[in-house]
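What follows is a single structure, written as structure tokens, with notes after it.
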Amino acid sequence: MPYLYLLINFLAILVPFIKSFDPRVNFYKKWRYLFPAIGLVGAFFIAWDVVFTSWGVWGFNERYLSGIKIINLPLGEWLFFITIPYCCLFVYEVIKYYVKQDILGKYANAITWTIVVGLMLVTVTNPWKWYTTLTFILTAGFLLVHVLVLKTNYLGRFYLAMAIWLVPFFIVNGILTGSFIEEQVVWYNNTENLSIRMFTIPVEDAFYGLLLILMNTTIYEYLKQRSEQKTSEKEDTQALSKKQNVDYEPEYLT
């Protein structure tokens, strides 16, 4: 099936795209924050992808590709960095709408430090595996930026959403790595990873996905919060201006 990778992308985004216009969530109104995030993060991951593909860290089975390539990457791979972040941020916003309480908020730092320490221990004890080393160091480093520098308040909600994402994650990655078809759409060089599989999915993929979606979420939240702050400041200024006009209104008009 030469268009399997494209079909996977289409099916992954179909329902989230349609539901984006649901008036309860109105996700389409947040596209102005979403697409800049997808573009910026996608550029980073595409560059990473190009290098690792050229090094033979991973590759693609031509049998399941459309034949269209850009910078030696199949079209389906480019779309992956659009459709998957779109779906995950959609789920993130849906959960925020339906689950008002930040259930994991008070545990967010503990979860983060547990992931960071675990990733660094594995990296130190398994050096010189390109996929493992780069993925784990970048993920641990970005999590530390959140805890120590940005001190963001949405990691608890992010982790809750991530727990939901694991279901479609196993389905999509399972198809790509051969859990449901005879061959792999995406293959991995096991000398560059831990050779630990979740079904047919390299364990590194889980943290690669975490980094991909957290980077998108970070930029998305930054743009959204900045817009909301500007709107709030504008409303405060208008309210103050209106109050001053009332205070100084001439007596003959009252």
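The values are calculated or read from the model by the stated rules, or taken from the named source; none is laboratory data. Just so it is clear, the model here is predicted, and its values are computed rather than measured. All Cβ positions, even for glycine, are placed from backbone atoms using ideal geometry, and neighbour counts span all protein chains on display.
The table below gives the values:
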read-out	value
Filter result (at pLDDT below 95 and either of a type outside the set (A, V, I, L, M, F, W, C) or within 16 Å of the chain's Cα centre (by Cα) (or both)) within the stretch 65-94	Ser66, Gly67, Asn72
Of the criteria (1) in a helix (DSSP H, G or I); (2) at pLDDT 95 or above; (3) out of contact with any Gly (no Cβ under 9 Å at 6 or more places or on another chain); (4) not hydroxyl-bearing (Ser, Thr, Tyr), which one Phe21 fails	(1)
Within the stretch 189-214, tally of residues that are among the β-branched types (Val, Ile, Thr) and touching a residue at least 40 places away in the same chain (Cβ under 8 Å)	2
Every residue from the stretch 163-196 that is of a type in the set (A, V, I, L, M, F, W, C) and outside any helix (DSSP H, G or I)	Phe180, Ile181, Val185, Val186, Trp187, Leu194, Ile196
Filtered residues of the stretch 142-157 (kept if closer than 14 Å to Glu221 by Cβ, outside any loop (DSSP other than H, G, I, E, B) and free of Cβ contacts under 8 Å to residues at least 40 places away in the same chain)	Val145
Flag if Thr123 is closer than 13 Å to Phe207 by Cα and out of contact with any Phe, Trp or Tyr (no Cβ under 8 Å at 6 or more places or on another chain)	no
Output for the stretch 56-81, where each listed residue is surrounded by 14 or more Cβ atoms within 10 Å (Cβ to Cβ) and assigned to a loop (DSSP other than H, G, I, E, B)	Val57, Asn61, Leu65, Ser66
Residue in the stretch 2-55 that is farthest from Ile82 (Cα to Cα), counting only those that are in contact with a strand residue (DSSP E or B) (Cβ under 9 Å, 6 or more places away or on another chain) and either exposed (fewer than 13 other Cβ atoms within 10 Å of the Cβ) or of a type in the set (Val, Ile, Thr) (or both)	Thr53
Pair list, Cβ < 7 Å and 6+ apart or interchain, from the stretch 125-137 residues that are at negative phi to residues that are assigned to a loop (DSSP other than H, G, I, E, B) and modelled with pLDDT of 95 or more	Asn126/Leu194; Lys129/Asn193; Lys129/Leu194; Trp130/Val57; Tyr131/Val57; Tyr131/Asn193; Thr132/Asn193; Thr132/Leu194
Residue identified as at pLDDT 95 or above and closer than 15 Å to Asn193 by Cα among Leu143, Leu155, Leu134, Leu150	Leu134
From the options Ser179, Ser232, Ser241, Ser227, residue that is surrounded by fewer than 18 Cβ atoms within 10 Å (Cβ to Cβ), touching a helix residue (DSSP H, G or I) at 6+ places or on another chain (Cβ under 9 Å), more than 30 Å from Phe52 (Cα to Cα) and among the small types (Gly, Ala, Ser)	Ser227
